[in-house]
Amino acid sequence: MTALVRYQLALLARSHRWLPPLLVYAAALAVGVQPGQAVLDSLGVAAAAVLPVAAWLVRVCTGVEPPAARACLAAAGGPARAHLASLAAAFAAACALGAAGVAVVVLISDAHGSDRAADTAVPVAAATGAGLLATLTCALLGTAVGALCNRPLLRSRAWAVPATLAGAGAVLVAAGSPANAAVTGLVTGSRAAEVPLPLLPLTGAALAAAATAALAAALSARR
């Protein structure tokens with residue numbers, strides 16, 4: 001499995017199809033994060049931006065191979081494992097991008113709550129950890145959305161692209177969504193100058209990602 005994931009990551013790197021998601025993520029940070037802004041608010045923006053990027057990367061990784069190469073890989077490693085490797089590669093790329101975003105946000109943001117009062121200092125290490133956990137939550141849910149909205153469940157681009165966009169937006173704003181809970185927790189924590197740890201949203205996101213990945217792998221094995 002490790003070799004399959006490395007192969008998918010190498011395909012992604014050589015294809016340069018990671019560039020549009022990277023530019024979109026950078027643009028989201030440039031618009032939503034300003035130097036000197038409260039760190040937890042900025043971390044919420046950075047985490048939320050990872051979700052649609054992760055879903056986009058899943059589309060890239062599941063469609064980057066020519067059909068003949070995909071068939072050879074499925075014959076060598078099994079179709080289910082080959083598909084899981086593409087999902088894992090997309091998730092890893094999204095996590096790497098999100099971690100870089102968290103690092104940038106922590107460097108340029110103000111380590112205080114939203115009101116900027118002197119007595120509302122926010123611990124930088126704790127804020128960084130919370131930001132990374134929220135980013136991981138959003139990356140997991142973005143991967144889940146991508147797994148549901150691309151092949152083998154949806155093969156037509158006419159359906160897959162709008163479904164991916166709609167799914168990513170719905171997961172971000174829906175009440176009860178782990179991504180919404182993680183991002184909202186950071187923003188609420190900024191107002192109170194308290195650092196939340198989104199462990200429950202992270203658990204829910206991990207379960208959702210595992211279930212959708214298993215479904216996609218099972219369907220890919222049957223086709």
Kyte-Doolittle mean at least 1.0, axial Cα span of 18 Å or more - DSSP H helices of the chain: 19-32, 39-63, 79-108, 124-149, 157-173, 199-222
Relative packing of 43-50, 203-210, which averages over residues the other C-beta atoms within 10 Å, highest first: 43-50, 203-210
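So how much slack lies between R14 and L207, counting 0.36 nm per residue of separation and subtracting their Cα-Cα distance, in nm?
Details: separation 193, 0.36 × 193 = 69.48 nm, distance 3.12 nm.
My answer for the length gained is 66.4 nm.
For the chain, what is the accessible area per residue in Å² when the probe is 1.4 Å?
Per residue, the chain has 45 Å² of solvent-accessible surface.
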Distant-in-sequence amide H partners of A193 (H built 1.01 Å from N, under 5 Å): S114
Unit charges at the beta carbon, dipole of region 2-220: most positive-side option, A210, W159, A174: W159
Extended-chain gain in nm, criterion 0.36 nm per residue less alpha-carbon gap, W159 and A121: 9.0 nm
Solvent exposure ordering (accessible area, 1.4 Å, most first) of D41, D115: D115, D41
D110 long-range amide H proximity, modeled H, under 5 Å: G36, Q37, A38, V39
Candidates A75, A99, A163, ranked by Gaussian network fluctuation over the chain, Cα under 10 Å, top entry: A75
Rounded to the nearest 10 Å², the accessible area of W18 at probe 1.4 Å: 90 Å²
Span from the region 1-58 Cα centroid across to the region 163-213 one, whole angstrom: 16 Å
A103/T188 FRET efficiency (R0 25 Å; Cβ-Cβ; nearest 0.05): 0.60
Accessible area of the chain belonging to carbon and sulfur atoms, whole % at 1.4 Å probe: 72 percent
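The values are calculated or read from the model by the stated rules, or taken from the named source; none is laboratory data. If you're wondering where the values come from, they're calculated on a predicted model, not measured in any experiment. So basically every Cβ, Gly included, is an ideal-geometry build from the backbone, and we count neighbours across all protein chains shown. Quick note on the areas: whole protein, heavy atoms, side chains included, nothing else; ligands and nucleic acids left out. Shrake-Rupley method; radii C 1.70, N 1.55, O 1.52, S 1.80 Å.
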